[in-house]
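Here's the structure we're looking at; comments come further down.
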Amino acid sequence: MNTKKAVLAVAGTGVLAGVVGLGVLAIPAGADEPPPVLPQISADQLVDSVANAKIPALAGKVSASENLGLPIKLLDGIGSASVWSDGQNRFRATLPGKSSEKTFVEDGGTLWTWDSQKNTVTKFAHGDKAVEPGKLAGKDPATIGKEALTWVRQYSDVKVDGTARVAKRPAYELVVTPKPTERTLLREIRVAVDSETRLPLRLQVLANGQSDPALKLEFTELNVGPQDAKLFQFTPPQGATVKEATKGDHQPKDPAEARKGFQDMISGLNLKTVGDGWDTTLVAKLPGDLNSLAGKAQEHANGQGGFGGGRGKDFDVTSLLKSFGKEVSGPWGTGYVFSTKVATALVTTDGRVAVGAVPEQVLTEAIGQVK
Amino acid sequence: MTFAEAEAGVGTASAVPTPVLAARTRGLRKLYRNTVAVDHVDLDVPEGAVLGMLGPNGSGKTTTIRMMLGLTTPTAGEVELFGARLPEAAQAVLPQVGALVEGPGFHPFLSGRENLLRCAAAEPLLRSSAIAKAVDEALERVGLSGAASRRYRGYSLGMKQRMGLAAALLVPRRFVVLDEPTNGLDPAGTREVRTVIADLHAAGTTVLVSSHLLSEVEATCTHVAVLHQGTVVAQGELRDMLEASNAGLLVSTPEITAAVDALRDNRIPARPMPDGLLVDLTSTTAPEVVATLVRADIPVHEVHKQRTGLEDLFAQLTETS
Amino acid sequence: MTAQVMPGPVRAPIGRLLRSELRWIYRRPRTLILLGLLALYPILFGIGTQLVDAPVRANGDQSIVAAVAGNALMLPVIVLSTTMIFFLPLGTTMTASDALAGEASHGTLRGLLLAPVSRVRLLAIKAFGVAVVSAAAALMTSLIAFVTGLVIAGPGSLVSISGTTLPVGEGLWRVLLATGWVIVQMWAVGAIALAVSASTEHPLLVLASVIGGLFVFGLLSTIPVLDWMHPFLITESWDSIVDVLRDPILSENLVTGLLRAVCYIVIGYSLALARMITKDS
């Protein structure tokens with residue numbers, strides 16, 4: 001009868017249990033689950049069902065992560081967003097900050113935006129038939145899906161590659177792989193589709209020579225089921241600033257007019273594409289060379305008297321480009337190349353720009369076509 | 001201990017009339033980082049005795065007491081209180097033990113009464129309804145009733161010591177352990193402590209009192225244990241210890257020279273003294289000496305054993321070891 | 001001859017011991033001073049934010065201070081989140097340091113052990129005392145803050161950071177939830193502090209090591225290279241108290257924080273128990 005030893009044994013077990021507990025908390029849960037077994041399905045069937053899927057009532061968390069190889073992480077500091085849907089085109093999304101939150105509520109007639117940091121509500125009353133994802137450009141979604149698939153298949157192989165578990169839900173993995181003739185940095189794009197609701201649960205963009213996805217957008221949690229109706233209502237709180245946004249602020253009255261405005265802007269930039277499929281490169285001619293542009297930027301900044309005002313004086317474009325990019329030259333001129341895992345950009349000293357999900361060489365070929 | 005075992009214990013005790021021990025240690029040993037504080041301590045405290053634990057500072061008195069009360073875990077050896085092993089039986093035995101160890105310990109921001117109320121709340125043998133009365137009685141007993149509402153912070157050294165005594169005596173005890181109880185007390189306070197010990201003894205309570213002062217042990221104790229450098233160098237009844245320490249017999253006679261000669265003829269060592277002679281009793285006994293003198297026709301007026309102070313013994317024991 | 005019959009183990013009633021422990025804690029001047037400061041803090045915080053409210057709000061962008069000023073839901077939670085990083089751990093650690101190290105230094109611990117109160121029981125009593133003090137302090141602070149907020153900004157000002165206005169009952173429930181969560185975090189601090197307290201006779205050492213430790217944890221959690229270590233730090237989830245202000249409540253980090261605190265409580269009391277049972281007093 002040694003009570004002391006018994007108590008010490010209990011204490012030892014306690015310490016061990018506590019440390020193991022902390023360890024378990026430190027490891028993200030559900031790392032190694034076997035992929036679920038699901039009935040076979042063809043890529044066409046899958047795409048078709050996704051296009052026809054209706055967003056059900058759900059609550060979930062969405063997180064985005066990137067591994068682009070940039071010096072700074074673009075998505076760092078953005079927590080996972082929470083999303084809700086009532087299945088009848090009413091939505092709610094929240095983007096939590098450290099001690100703040102942005103909330104978006106679509107109540108069927110009004111889109112509310114709330115920023116706790118600014119204590120501001122933006123109210124956009126759009127009437128009953130504002131957001132109707134069911135119809136775009138007069139076509140039903142299934143047709144759009146088919147057309148898109150046909151287009152994609154010109155340049156890629158599309159297939160269902162096994163199954164996966166996303167947010168604890170069984171899903172099909174739809175994989176789009178560039179055809180071998182395509183000269184792109186991308187290896188494949190994977191979309192996990194929920195086996196039950198046919199909602200895309202995860203989007204991954206994988207680059208060549210990289211095992212982790214360069215871009216990942218996924219549901220980390222998803223519960224399908226009826227949601228509290230209160231979530232899809234919003235009443236501006238006492239003391240908040242309420243801004244009314246009219247339709248005009250958000251979209252032009254006439255779509256054709258809008259399109260024209262956009263086209264004007266693009267033509268001003270001499271924007272055009274070179275190549276097709278995965279090799280598509282966007283090229284443009286900026287109005288003026290780099291140094292004159294920098295001057296304009298500086299004027300602009302000074303004029304605004306805003307954030308960049310003080311810095312504008314010492315603003316040296318060339319040194320900035322040098323520090324981020326790589327200096328290159330060829331028969332097309334000289335410029336700087338910026339590379340990430342999924343895309344490359346080329347800026348020439350005389351103000352030409354080329355961007356694409358392609359290696360540097362494809363860009364230098366394309367830039368020669370810009371006058 | 002179960003009831004059956006307890007009964008069996010009573011049976012053996014009545015069959016073999018060994019003295020009941022309030023406390024018993026065997027082979028007690030305590031090491032502090034390779035330093036031996038206490039070693040081979042076999043101590044017996046008979047029930048009803050007042051045992052004085054005597055030893056210079058640093059002789060291991062406090063460490064021994066702490067081990068006897070379960071405050072410190074012995075490196076080796078065992079402790080029994082009223083025949084029950086510690087630390088297993090602590091919950092059954094310790095409620096009947098009152099102790100003042102290493103000086104009084106109380107909270108400075110509480111009054112004397114509040115401090116004692118807190119001690120009393122932890123006493124298993126006190127019913128909740130009896131607490132207030134027990135505290136008042138304890139304060140009365142040590143003469144602190146008048147200062148009971150004052151903060152302990154303002155107490156004098158003597159008052160603090162008396163508070164410690166009061167805490168030890170909150171409940172009627174079977175065994176009271178007092179570690180240096182007269183530390184910091186003036187002569188009047190020392191006398192009061194002696195009275196308290198005498199009262200406890202009269203009531204049948206076993207008392208263990210440690211001290212580095214011989215006079216105190218001599219004045220209050222029935223038994224003595226002498227500690228030196230962590231070991232018990234002598235222990236026993238005070239009376240026996242006094243006898244054992246002196247092997248001399250004082251004989252009063254007018255014929256000193258004749259008496260010395262007569263004894264020397266019988267190979268009994270003796271030496272002349274002012275009123276008679278002192279006989280060494282190491283190799284003989286008192287009746288033998290008297291018989292030898294009578295046979296030699298030497299008039300013997302008076303014979304008594306020589307008494308020396310315990311001081312001699314203490315000095316003797318501690319010097320030789 | 002006196003009979004050797006030994007009574008069975010006897011114990012003082014636990015209720016009496018717990019009451020006695022609380023009376024002792026609440027009679028201590030420094031406990032009272034700290035509680036006084038904690039009671040005053042939310043009122044001063046409420047009034048203070050009200051005073052600086054105007055200039056800050058004129059600036060356009062709302063700081064957290066300005067957000068608190070007109071919000072009876074935010075005030076108690078922000079008051080809790082600021083007290084939980086210093087005042088509440090201080091009070092908890094102070095109580096824990098007095099509970100064992102302090103009693104040992106006054107020589108009163110051996111009195112309790114001699115009574116006897118068994119060591120396991122004594123630790124339980126001390127744990128109870130620390131738990132009650134930290135819980136009462138947190139509850140008092142948040143309730144005073146809640147009432148202060150209602151008085152200053154009115155019952156219509158219970159606005160979550162998701163922009164919803166909550167009824168008073170729901171608001172109170174959120175505040176109590178936040179308080180409960182903070183209390184468990186403080187219990188974790190108390191458990192560790194008691195473990196240290198059981199290992200020393202110097203109460204100040206307990207205070208210095210635990211408060212210093214929390215400070216170091218706070219520093220470590222800002223060093224990105226040590227991110228593998230972050231989930232092991234008790235302070236790691238203390239920012240997520242803000243999540244009770246979201247509507248609906250974002251529970252993920254709160255739950256993780258709660259479980260982490262429970263792990264610390266288990267570790268702390270296991271260590272304290274081991275030390276308690278082996279220590280010489």
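Structure notes:
- For the range C:70-143 versus the range A:168-183, the spacing of their alpha-carbon centroids is 58 Å.
- The range C:122-281: C-alpha pair distances exceeding 27 Å, %: 35
- Karplus-based coupling profile of the range A:8-13, in residue order and whole Hz: 5, 5, 4, 4, x, 4, with θ = phi - 60° in 6.51 cos²θ - 1.76 cosθ + 1.60 and x standing for Gly or Pro.
- Chain C - Rg over Rh from alpha carbon coordinates, Kirkwood radius: 1.06
- Prolate/oblate/rounded label for the range B:247-305 (Cα gyration tensor, a/c 1.5): rounded
- Angle of helix C:87-97 to the longest C-alpha principal axis of chain C, folded into 0 to 90 degrees and rounded to 10: 0°.
- Within chain B, longest stretch free of exposed trypsin sites (Lys or Arg not before Pro) [DSSP loop, at most 14 other beta carbons within 10 Å]: B:151-266
- HN-Hα J in Hz across the range B:101-107 - Karplus 6.51, -1.76, 1.60, θ = phi - 60°, x for Gly and Pro: 10, 6, x, x, x, 9, 8
- A probe of 1.4 angstrom, applied to the heavy atoms of all protein chains, finds A:SER82 with accessible area near 10 square angstrom.
- The long axis of helix C:252-278 is offset from the longest Cα principal axis of chain C by roughly 20 degrees.
- Among C:TYR264, C:TYR26, C:TYR41: highest mean-square fluctuation, GNM of chain C, C-alpha pairs under 10 Å: C:TYR26
- Relative contact order (percent, whole number), the range B:247-305, Cα cutoff 8 Å, 6+ residue spacing: 48
- Computed from backbone phi, the HN-Hα couplings of the range A:48-57 come to 4, 5, 5, 5, 8, 5, 10, 5, x, 5 Hz, rounded to whole numbers (Karplus: 6.51 cos²θ - 1.76 cosθ + 1.60, θ = phi - 60°; Gly and Pro given as x).
- Mean-position separation - Cα centroids, the range B:199-219 and the range B:225-275, in angstrom: 27
- Amide proton proximity set for B:VAL209, modelled H, under 5 Å, gap of 5+: B:LEU51, B:GLY52, B:MET53, B:LEU178
- Relative contact order, percent, chain C [alpha-carbon distance under 8 Å, six or more residues apart]: 24
- When C:ILE223, C:ILE125 are compared by accessible surface with a 1.4 Å probe, the order from highest to lowest is C:ILE223, C:ILE125.
- Angstrom value of the Kirkwood radius, inverse mean 1/r, which spans all Cα pairs in chain B: 22.3
- Heavy-atom SASA rank of C:PHE128, B:PHE106, A:PHE338 (probe 1.4 Å, accessible area, largest first): C:PHE128, A:PHE338, B:PHE106
- Distance from the range B:88-138 to the range C:161-227 (C-alpha centre basis), Å: 36
- Counting only heavy atoms of the protein chains and using a 1.4 Å probe, B:THR282 has close to 110 Å² of accessible surface.
- Normalised by the number of residues in chain B, the average gap of Cα pairs under 8 Å and 6 or more apart makes the relative contact order 19 percent.
- Computed accessible area, C:PHE215, all protein chains, 1.4 angstrom probe, square angstrom: 140
The values are calculated or read from the model by the stated rules, or taken from the named source; none is laboratory data. Just so we're clear, the structure is a prediction, and the values are computed from it rather than from any experiment. Counting neighbours? That spans all protein chains shown, and the Cβs are built from the backbone with ideal geometry, glycine included. Calculation scope for accessible area: heavy atoms of the full protein, side chains included, ligands and nucleic acids excluded. Shrake-Rupley method; radii C 1.70, N 1.55, O 1.52, S 1.80 Å.
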